[in-house]
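Input: a single structure, listed below in structure tokens.
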């Protein structure tokens with residue numbers, strides 16, 4: 001099973017920008033959001049090799065014995081991402 005997980009935190013301009021853009025494109029219904037300030041989610045980010053938020057990851061939950069495997073990711077940046085980048089990331093998902 002494929003999941004799209006968005007890791008963000010409060011008072012984070014790039015996080016708000018990414019959330020707003022996903023909402024504008026109608027993609028938020030496909031995303032599970034996590035607060036990276038919570039230790040379990042922060043530790044998950046570190047285990048995947050990420051050090052800052054926002055991070056949007058595509059995870060295969062059935063890859064190996066039910067352990068998640070990152071298939072793709074988009075890290076936030078101050079300039080944001082193009083709509084096309086997000087559409088390609090969610091390719092195959094009915095909007």
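Counting 0.36 nm for each residue step from residue 70 to residue 12 and taking away their Cα separation leaves a gain of 18.5 nm.
GNM remark for the chain: springs join alpha carbons under 10 Å apart, and the peak mean-square fluctuation among 45, 22, 71 falls on 71.
Let a ≥ b ≥ c be the square roots of the eigenvalues of the Cα gyration tensor of segment 23-64; is it rounded (a/c under 1.5), or, if not, prolate (a/b larger than b/c) or oblate? Oblate, because a/c is 1.5 or more while a/b does not exceed b/c.
Sort segment 2-89 into rounded, prolate or oblate with this rule: let a ≥ b ≥ c be the square roots of the eigenvalues of the Cα gyration tensor; rounded if a/c is under 1.5, and if a/c is not under 1.5, prolate when a/b is larger than b/c, oblate otherwise. Oblate shape, in that a/c is at least 1.5 and b/c is the bigger or equal ratio.
With R₀ fixed at 30 Å, the C-beta to C-beta distance from residue 62 to residue 83 puts the FRET efficiency at about 0.50.
We did not get these values from a lab; they are worked out from the coordinates using the rules stated. Small disclaimer: the values here were computed from a predicted structure and weren't measured. Cβ coordinates were reconstructed from backbone atoms using ideal geometry, including for glycine residues, and neighbour counts include every protein chain displayed.
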